[in-house]
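A short write-up of the structure that comes next.
The values are calculated or read from the model by the stated rules, or taken from the named source; none is laboratory data. Predicted model only: the values in this text are computed from it and were never measured. When we count neighbours, we look across all protein chains shown, and the Cβ atoms used for this are built from the backbone with ideal geometry, even at glycine. What goes into the accessible areas is simple: the full protein's heavy atoms, side chains included, and nothing from ligands, DNA or RNA. Shrake-Rupley method; radii C 1.70, N 1.55, O 1.52, S 1.80 Å.
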Amino acid sequence: MPELFGQSLSRTELERRTGALGQFAGVRSMTLGDGLERGIRMLEFRSGTGLRFTVLVDRAMDIADCEFCGQAIGWHSPAGFRHPGLHEPEGEAGLGWLRSFSGLMVTCGLDHILFMDERDAADFNYAPRKTVRNSIHGRVGAIPARLTGYAEAWDGDRCTLWCEGIVSQGTVFGEHLEMRRRIEIEVGTNTIELHDTVTNRGFYRTPHMFCYHINLGYPLLDAGAEYLAPVTDVVWAGHSGEAYRAQGTGYRRLPGPADRFHEQVWQHEMAPDAEGRVSVALVNDRLGLGFELHVAKSEFPCMYEWQNFQSGHYALGLEPATHHVRGAAFARERGEEILLEHGDSRSYRSRFRILSGTAALAETRARIAAAATQPHDDYPTPSNNHLPLR
């Protein structure tokens, strides 16, 4: 039964108290109407616990807003939630993606993630297309979905809020990849379930790379917040060497915003739990608030930590990924590409959980530490030991 407002209530007991579940929980459709967002279809979810999040149907069904009891969890960037019709994926020498980069979750892929890349296009068998050029983090995040459904679904005394859609990334003489996404949350809980399946619908062999750019902001992110993860090795840091300590910010204890902060990106090797899953979290003990990401190690073998503490951009990114942070060329050199033939699929089941209260933070801290004790030093020496992926 849903746990709402300090009571466990059956469906009948809930219905006695309101004419519609939407009084305190539900999923509903709306369209944004002004500025850069004008025309974007959006689904708003409220679980009844104080958790509210929105799904941008016209931006790959990514999660935009996320808040808990009025406290922001997800990040809003200066770029805003830009309508995909304004997106310029090839702009600014491949960095145009940054002008559409905002929200709790931005999907990267479906054939490319990380920095710009150019690869051979022989598999597409079209002489004028000698190479494929990819901008940063790929194209999928600015593609509208075909919304196939959303509803409140009762099963006895349990109610699940859900939505589903299909995002198709395709071109003539090139890739035709499809992502089918389902997002759901049970009423009375703080756990968002995400299920993605990526399938090659075309008849050319096509690379597949995939990453979730999960972005957390103030007030959850603040001076004194802590990054928790079962880190067994710090594999790579983009600022290693003379710059490693220059900004006074390590991987674990997080600072407030700073002017002229240069982004820092880390890749950590993580220990899975007994079920083969990896949990990482950002916790704020002062607020008694946290956010936990839970993914399968077999689906996302790599995990990055993105620190963008520049004033006005202040964010921390949790990034589960299919490939090492050094990118597409590195994967090709090591024979670690994922190549999908017609009909081949990859599935990803992930969980986002809001942590509320000191007990929830303590339980999460202990559970993550049980998988592996992370380095206490904020500046562990990167090993550059990128383990084989496949």
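Brief remarks follow.
- Single condition GLU88 does not satisfy, out of (1) in a loop (DSSP other than H, G, I, E, B); (2) in contact with a Pro (Cβ under 7 Å, 6 or more places away or on another chain): (2)
- Of residues in segment 43-65 being in a strand (DSSP E or B) and in contact with a Lys or Arg (Cβ under 8 Å, 6 or more places away or on another chain), the one surrounded by the fewest Cβ atoms within 10 Å (Cβ to Cβ): GLU44
- Residues within segment 139-158 that are of a type outside the set (D, E, K, R) and free of Cβ contacts under 8 Å to residues at least 12 places away in the same chain, tallied: 1
- Each residue in segment 213-271 was checked for being farther than 29 Å from PRO388 by Cβ, polar (S, T, N, Q) and assigned to a loop (DSSP other than H, G, I, E, B), and 2 of them qualify.
- When GLU299 is tested against the conditions (1) touching a strand residue (DSSP E or B) at 6+ places or on another chain (Cβ under 8 Å); (2) open to solvent by 40 Å² or more (accessible area, probe 1.4 Å); (3) farther than 21 Å from ILE113 by Cβ, the lone failure is (3).
- Among the residues of segment 191-242, the ones that are farther than 23 Å from ILE166 by Cα, touching a His at 6+ places or on another chain (Cβ under 8 Å) and not β-branched (Val, Ile, Thr) come to 5 in all.
- Among the strands (runs of 3 or more DSSP E) confined to segment 97-178, the ones with at least 2 residues that are closer than 25 Å to ARG332 by Cα and open to solvent by less than 70 Å² (accessible area, probe 1.4 Å) are located at 105-108, 117-120, 131-134, 158-170.
- Residue ID - farthest from LEU318 (Cα to Cα), chosen from residues in segment 111-138 that are in contact (Cβ under 8 Å) with a residue 40 or more places away in the chain and among the basic types (Lys, Arg): ARG129
- Subset of segment 327-383 [acidic (Asp, Glu), open to solvent by 80 Å² or more (accessible area, probe 1.4 Å) and over 30 Å from ASP120 (Cβ atoms)]: GLU363
- Positions within segment 208-234 being of a type in the set (Phe, Trp, Tyr) and open to solvent by 10 Å² or more (accessible area, probe 1.4 Å), in sequence order: TYR218
- Looking across segment 66-95, the residues that are on the phi > 0 side of the Ramachandran plot and either of a type in the set (Phe, Trp, Tyr) or open to solvent by 10 Å² or more (accessible area, probe 1.4 Å) (or both) come down to CYS69, GLY70, GLY80, GLU92, ALA93.
- Criterion (acidic (Asp, Glu) and in a loop (DSSP other than H, G, I, E, B)) met by exactly one of GLU336, GLU319: GLU336
- Scanning segment 1-31 for residues that are assigned to a loop (DSSP other than H, G, I, E, B) and open to solvent by 40 Å² or more (accessible area, probe 1.4 Å) yields MET1, PHE5, GLY6, GLY19, ALA20.
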